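Student: The structure follows.
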Amino acid sequence: MLTIIMQGILLDTLNLINTNFPFLDGIPITSSHALEYRYLLNWYLPIIGMSFYFSGYLSDVTRIHGIAFFVRTYSKSKWIIKQYLRILAHLLLFIALQMFVSVLFDLGQSTFSKLNLIKALSMYLLTLLVLLSIQLLIELYVKESVAHLIINIYIVFSVLITNQLHSFPKLFHYFFLPVYGMGFRNGLSQVPKFKLYTIDYFTGFFILLIIQVALVYFSTIKIKNMDLL
């Protein structure tokens, strides 16, 4: 909650374009490195907080609470799916808080039509879910701190590299999942100053869905093969 409030406060101090839901706009393609880093700081702050919050979620539950379930022949598949649904519920709460803070601070001009707002929220939610699911899957193989470091390096690297290589074919940008949830990158934000879109909304949405299903599947396989006793 603190990082979300700080995001609202930083919008004025970082001299960014005032939009009503900046966390949905994300980071635009710009030739100014200073402006790019200011947008990155504002967008990334709540995300790193969420990453810390979910760090160890699956691995800790598996080692501590999961044993009791599995000893009683509890279905591992149902258990892992239930954990991901809980993560989704937490993310919905976090995003609702971001929406509330944005409305409370009355941050600026509207950049989304009603339909695009729904699309932008769905893309932002799904992007966060996939990124955090990747982190949690990695934690089943390595230490939580290492998994946390890997996913956050990937997030920052994705933003910085796509800003530098925006002239490359659009196919190149689909390898960098964090940009999927940015209105400036998927064309959902209506800001005339930033018209360069790097991915297609519908293509990105279905790619994220496929990846999320695959992550749940591989997590289930890993949990089934783990010796929890």
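Student: Within the stretch 1-41, work out how many residues are in a helix (DSSP H, G or I), of a type in the set (A, V, I, L, M, F, W, C), more than 18 Å from PHE157 (Cβ to Cβ) and modelled with pLDDT of 75 or more. Reasoning before the result, please.
Tutor: Taking the stretch 1-41 and keeping what is in a helix (DSSP H, G or I), we get 2-13, 22-25, 33-41.
Subset that is of a type in the set (A, V, I, L, M, F, W, C): 2, 4-6, 9-11, 23-24, 34-35, 40-41.
If we keep only those that are more than 18 Å from PHE157 (Cβ to Cβ) as well, we get 2, 4-6, 9-11, 23-24, 34-35.
If we keep only those that are modelled with pLDDT of 75 or more too, we end up with 2, 4-6, 23-24.
The qualifying residues number 6.
Student: From the residues in the stretch 157-171 that are within 23 Å of LEU129 (Cα to Cα) and among the hydrophobic types (A, V, I, L, M, F, W, C), which one is most open to solvent (accessible area, probe 1.4 Å)?
Tutor: Looking at residues that are within 23 Å of LEU129 (Cα to Cα) and among the hydrophobic types (A, V, I, L, M, F, W, C), I get LEU171.
Student: Could you tell me which residue of the stretch 93-112 is modelled with the highest pLDDT, considering only residues that are open to solvent by less than 40 Å² (accessible area, probe 1.4 Å) and more than 11 Å from the chain's Cα centre (by Cα)?
Tutor: PHE94
Student: Looking at the stretch 177-190, which of the residues that are closer than 17 Å to LEU128 by Cβ and without any contact (Cβ under 8 Å) to a residue 60 or more places away in the chain is most open to solvent (accessible area, probe 1.4 Å)?
Tutor: LEU177
Student: State all residues of the stretch 113-138 that are of a type outside the set (Lys, Arg) and open to solvent by 50 Å² or more (accessible area, probe 1.4 Å); if no residue qualifies, say none. Steps first, please.
Tutor: Residues of the stretch 113-138 that are of a type outside the set (Lys, Arg), as a first pass: 113, 115-118, 120-138.
Selection gives LEU115, ILE118.
Student: Taking helices (runs of 4 or more DSSP H) that fall entirely within the stretch 121-216, which contain at least 1 residues that are touching a strand residue (DSSP E or B) at 6+ places or on another chain (Cβ under 9 Å)?
Tutor: Numbers: elements: 144-164, 170-173, 183-186.
Answer list for the stretch 121-216: 183-186.
Student: Same structure again: Test of understanding: among TYR201, TYR141, TYR174, TYR197, which residue is over 14 Å from the mean Cα position of the chain (by Cα), more than 30 Å from ALA34 (Cβ to Cβ), of a type in the set (Phe, Trp, Tyr) and open to solvent by 20 Å² or more (accessible area, probe 1.4 Å)? Before you say what the answer is, go through the steps one by one.
Tutor: Numbers: TYR201 fails: more than 30 Å from ALA34 (Cβ to Cβ); TYR174 fails: more than 30 Å from ALA34 (Cβ to Cβ); TYR197 fails: more than 30 Å from ALA34 (Cβ to Cβ).
After applying the criteria, what remains is TYR141.
The values are calculated or read from the model by the stated rules, or taken from the named source; none is laboratory data. Because the structure is predicted, anything quoted here is derived from the model rather than measured. We place every Cβ from the backbone using ideal geometry, glycine too, and count neighbours over all the protein chains shown. Accessible surface is based on the protein model in full, side chains and every heavy atom, while ligands, DNA and RNA are left aside. Shrake-Rupley method; radii C 1.70, N 1.55, O 1.52, S 1.80 Å.
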